Amino acid sequence: MTLLELSGVSVHYGRIKAVSDLAISVNEGEIVTLIGANGAGKSTTMRAISGIRPVSSGSITFQGEDITRLRADLRVVRGISQAPEGRGIFPGMTVLENLDMGAYARKERKNLAAEMDHVFTLFPRLAERRGQMGGTLSGGEQQMLAIGRALMAKPKLLLLDEPSMGLAPQFIQQIFRIITEINREGTTVLLVEQNAQQALSRAHRAYVLETGSITKTGTGKELLADDSIKEAYLGVA
Amino acid sequence: MDDPAGPRPDPHVENELSIHHSSALYLAQDDSVINFDVAGLVDQFWANTVDGLSQGSIYALVALGYTLVYGVLKLINFAHSEVFIYGAYATWFTFYGLGFRPGPTPELAVFELIGFLLLALLAAVLVSGATAVVLERVAYRPLRNRGAPRLVFLITAIGASFVLQQLIFIWRGGNPEQAIRLLRPEPVFEVFGVAITNITIIIVLASILLFFIADTFVNRTRFGRGIRAVAQDPDTATLMGVNKERVIMLTFLIGGLLAGAAALFYMMKIPQGASYQGGFLLGLKAFTAAVLGGIGNLRGALLGGLLLGLMENYGQSLFGGEWRDVVAFVLLIVILMFRPTGILGESLGKARV
């Protein structure tokens, strides 16, 4: 079943068109990845889906309902949550408070402790750092916190914007492993990445975004084997 | 330092000091504009401290409004001084509406007095709170929706301040409302030979109580956490499901409520204080207090307010009454030279506020 569908979505920054006529769909239970170079419009697409950036044309539907004009904070209530680009950790809040912010939109707050335990199982490092200020964490820890915090909303769709950015290689491996694990537990994931190798090998399906348009789509395996992708994104001549 | 031609204490001046021990030490001639009355400062130290704390509490409560709005919107809401003075008018009209008139202070039973003051508090808090919310709605929200640059907000704030002032001027004219007192200042006990009045006690205790309520609200409640989240990272806060517009409105409301309470205390201390321009200087001082403590930081507003109230009073004794306001702003400049983000540092979040 289709969980998220973008059709004909364009987003402008002033007069400049950042993405144009996007058609993307994400089915329940999938990991879908959106790969592309810097400035291709990946983050803009994410911002349009989460509602931070208004779309200038096209429509976004989530669980069959049109959310194109729905306020961003209400989209979280519907079940879309995001670990944003640059992680967006609240610097003056502790790890616990940051995690609690993730559950801000949740109406039922009974199972919060269980949820937090789950996050701590996924990221034991966060448990050690629970009282520490978000601003003092390392990049890798902040990324874990960003993902953990997004999970606290119990999302139906988890948006991950460049989770590997700026991380040491051993952290990158770990983050992608955990993404797969989160997906196995039943959360649909839309993953934006520059690290095409990792993203494609983890994803069920993928879209390639180039200067604001989708130029290619297929399963992760197909695109990994695609010569032009290899050349452009995987560094294989 | 060991330059023999360097400045030295003037023996003549020292002599003067020892002769007129309690009188002012003039730096220039008798018709000078600035005193250097060290003896006066020492004499009145405790009296100034007590009065400075009560004045400072009022600054602190108003400063919280500046600091909260700044934290969330990065906007200096210059119209906050009018939010405050609207509360002062609400207080005056409540007194008037209860049948009190300018003139001698009435004899009231304690429970009556408490009831009337609480009524005035309620009125002031509601009027100031409503003013702040309407201001946000009418002046700032349309700008936000259009994505106006920061400078436009600032100019709008100054403009809104004038509009609110002139509304009172048109309605009530240029003269301050005549003083109505419900409570005569009476000494309750003495500390270091200084009589502490009932009014001082009420103002200081109630202000500190209100500060702790505001601080707890911001730090311990879900809504408060929303405020801090918007202050630290507005976009990410939205991604957590925080309704930014509601947080902004709430922030203005809290600031307004506190300014309303401050207005009642101000009117208890200075009953003739309801004048259309009466908010201007106090607002500026409260803003100074907020910057002094570290704008965006609640504890900074409290610290800055109290410190400003104290320093102003000490400065007044030392240099003479007409230097009071100069002391306040010079203090600001000096502190900012050494700590550009204020004493406790900026931001609703970073200093763990």
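Computed from the coordinates by the stated procedures, all read-outs in this text should not be read as laboratory data. Just so it is clear, the structure is predicted and the values come from calculations on it, not from any experiment. So basically every Cβ, Gly included, is an ideal-geometry build from the backbone, and we count neighbours across all protein chains shown.
Among A:GLU85, A:GLU141, which is away from every other protein chain (no Cβ under 14 Å), surrounded by 17 or more Cβ atoms within 10 Å (Cβ to Cβ) and under 23 Å from A:PHE171 (Cα atoms)?
Result: A:GLU141 is the single residue among A:GLU85, A:GLU141 that is away from every other protein chain (no Cβ under 14 Å), surrounded by 17 or more Cβ atoms within 10 Å (Cβ to Cβ) and under 23 Å from A:PHE171 (Cα atoms).
Might you check whether a residue that is facing chain B (nearest Cβ under 10 Å), touching a Lys or Arg at 6+ places or on another chain (Cβ under 9 Å) and aliphatic (A, V, I, L, M) occurs anywhere in the stretch A:106-122?
no
A:ASN98 fails exactly one of the following numbered conditions: (1) within 19 Å of A:ILE178 (Cα to Cα); (2) surrounded by 24 or more Cβ atoms within 10 Å (Cβ to Cβ); (3) in contact with a Leu (Cβ under 7 Å, 6 or more places away or on another chain). What is the number of that condition?
It is condition (1) that A:ASN98 fails.
Could you check how many residues of the stretch A:105-129 are surrounded by fewer than 22 Cβ atoms within 10 Å (Cβ to Cβ) and farther than 23 Å from A:ARG177 by Cβ?
Residues that pass the stated criteria total 8.
Residues of the stretch A:90-105 being within 21 Å of the chain's Cα centre (by Cα), within 8 Å of another protein chain (Cβ to nearest Cβ) and of a type in the set (A, V, I, L, M, F, W, C), which ones?
Scanning the stretch A:90-105 gives A:PHE90, A:MET101, A:ALA105.
Which numbered condition trips up B:GLN166, out of (1) touching a residue at least 40 places away in the same chain (Cβ under 8 Å); (2) over 30 Å from A:PRO84 (Cβ atoms); (3) surrounded by 14 or more Cβ atoms within 10 Å (Cβ to Cβ)?
All conditions are met except number (3).
Being within 13 Å of chain A (Cβ to nearest Cβ) and either among the β-branched types (Val, Ile, Thr) or surrounded by fewer than 20 Cβ atoms within 10 Å (Cβ to Cβ) (or both) is true for just one of B:THR238, B:THR200. Which residue is that?
The conditions single out B:THR238.
Determine whether A:ALA150 is of a type outside the set (Ser, Thr, Tyr) and within 14 Å of chain B (Cβ to nearest Cβ).
Considered against the rule, which asks whether it is of a type outside the set (Ser, Thr, Tyr) and within 14 Å of chain B (Cβ to nearest Cβ), A:ALA150 comes out as yes.
May I ask you to list the residues in the stretch A:213-237 that are outside any loop (DSSP other than H, G, I, E, B) and among the charged types (D, E, K, R)?
Residues satisfying the conditions are A:LYS216, A:LYS221, A:GLU222, A:ASP227, A:LYS230, A:GLU231.
Which of the helices (runs of 4 or more DSSP H) contained wholly in the stretch B:252-353 include at least 1 residues that are surrounded by 20 or more Cβ atoms within 10 Å (Cβ to Cβ) and within 14 Å of chain A (Cβ to nearest Cβ)?
Helices (runs of 4 or more DSSP H) meeting the threshold: B:298-319.
Give the residue that is surrounded by the most Cβ atoms within 10 Å (Cβ to Cβ), with candidates limited to residues of the stretch A:37-54 that are within 13 Å of another protein chain (Cβ to nearest Cβ) and touching a helix residue (DSSP H, G or I) at 6+ places or on another chain (Cβ under 9 Å).
If we take residues in the stretch A:37-54 being within 13 Å of another protein chain (Cβ to nearest Cβ) and touching a helix residue (DSSP H, G or I) at 6+ places or on another chain (Cβ under 9 Å), then A:ILE49 is surrounded by the most Cβ atoms within 10 Å (Cβ to Cβ).
Find the residue count for the stretch A:137-186, including only residues that are in a helix (DSSP H, G or I) and either without any contact (Cβ under 8 Å) to a residue 24 or more places away in the chain or of a type outside the set (Ser, Thr, Tyr) (or both).
Of the residues in that region, 28 qualify.
Assess whether A:ARG75 counts as being in a helix (DSSP H, G or I) and either more than 8 Å from chain B (Cβ to nearest Cβ) or buried (at least 22 other Cβ atoms within 10 Å of the Cβ) (or both).
Answer is yes for this residue.
Of the residues that sit in the stretch B:61-120 and are assigned to a loop (DSSP other than H, G, I, E, B) and charged (D, E, K, R), which one is nearest to B:GLY278 (Cα to Cα)?
B:ARG101
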